[in-house]
1. Around Asp91, what is the net charge, scoring Lys/Arg as +1 and Asp/Glu as -1 over all other residues with Cβ under 11 Å from its Cβ?
2. Just by accessible area at a 1.4 angstrom probe, what is the order of Asp221, Asp140, Asp174 from largest to smallest?
3. Run the simple label-point estimate for Met1 and Ile20 please: 7 Å along Cα→C-beta, distance reported in nm.
4. Hey, what number do you get for the chain at 222 nm if only DSSP H runs of n ≥ 4 count, each worth -39500 (n - 2.57), divided across all residues, to the nearest 500?
5. Please report how far the C-alpha centroid of region 90-125 lies from that of region 138-209, rounded to the nearest whole angstrom.
6. Ignoring everything but the protein chains, give the 1.4 Å probe accessible area of Trp105 in square angstrom, nearest 10.
7. Using Stokes-Einstein with the Kirkwood hydrodynamic radius over Cα pairs, what translational diffusion coefficient do you get for region 24-149 at 10 °C and a viscosity of 1.306 mPa s, in µm²/s rounded to a whole number?
8. Hey, if we sort Cys132, Cys186, Cys149 by accessible area with the 1.4 Å probe, largest down, what's the order?
Amino acid sequence: MRLYAAVAVSGFRRYATYRIATAAGVFTNTVFGFVLAYTFIALWHERPHLGGYDRAQALTFVWVSQAMLATVSLLGGGFQEELQERVRNGDIAIDLYRPADLQLWWLAADLGRAGFQLLGRGVAPLLAGALCFELALPADPLRWLLFLCAVLLAVVVGFAVHYLVGLCAFWLLDGAGVAMVGQLLCLFFSGSLLPLNVFPGLFGTVARALPWSAMLQVPVDVLLGRHAGTGAAGALAFQAGWAAVLLALGRLMQARATRKVVVQGG
């Protein structure tokens, strides 16, 4: 575990070196936050309590989403592009020779990246939103603690999804197409465009049951108190369940990919 802790710290420091990129990301998230906030204000003016949110809760959804955008890599920009490139150029063989588990190595590095993105690109846009709009941010420290737990699980679920996409490069000459499809699915079914509670009927039920909802919709609802009492435990269990399933699928896919590398001669 000391090795993976060091990898996580290294991942944090790696992204901390890109200060100009971080500042640009904060600016971009803040600008898009204002655009979405005023869009939501117009929408909620016409349809008050849409999806069960009042206007303050809807605006909170916007700004927490912007804070989590880079943390969970909802629009890409995580590790999967690097993993695919290492498969293409053969550097993955070096990773497989390391005395460490491939999946855990990348998970530790991604946790370090997510930790920096949460602090470096998440806090400032949320503060800007709180200063300029009336948000429904909780005063209960326990709610914030549950939210941070939900964010951690969201990062793990996001890693597991991106890891599966990255491993596709073992079978495809170019995994860009799969990555683009994955980003579109994540953008829509995570709640980045609209809260999933807005979608009615069976479609909304299915959307909220998919793993992408664990990456954004569930953490924001935990912060807003929509999962109170045992509901919060159920929401975290939902995230943990998807994390376990997707990580297990990643290990199975990794085992097949490793055998493929051996057959092809490394």
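1. Values: positive: Arg86, Arg88; negative: Glu82, Glu85, Asp95.
Local net charge: -1.
2. Values: Asp221 10, Asp140 70, Asp174 95 Å².
Ranked list, largest accessible area first: Asp174, Asp140, Asp221.
3. With each label placed 7 Å out from Cα toward Cβ, I get 4.1 nm.
4. Working: 12 runs with 192 residues, N = 266.
Here the helix-only value at 222 nm equals -24000 deg cm²/dmol.
5. Cα centroid of region 90-125 versus Cα centroid of region 138-209: 18 Å apart.
6. 60 Å²
7. The Stokes-Einstein estimate is 95 µm²/s.
8. Numbers: Cys132 80, Cys186 5, Cys149 55 Å².
The residues order as Cys132, Cys149, Cys186, largest area first.
The values are calculated or read from the model by the stated rules, or taken from the named source; none is laboratory data. This one's a predicted model, so the numbers in the text were calculated from it and none came from an experiment. Because the Cβ atoms are built from the backbone with ideal geometry, glycine has one as well, and the counts that use them run over all protein chains shown. The area values use the complete protein model at the heavy-atom level, side chains included, leaving out ligands, DNA and RNA. Shrake-Rupley method; radii C 1.70, N 1.55, O 1.52, S 1.80 Å.
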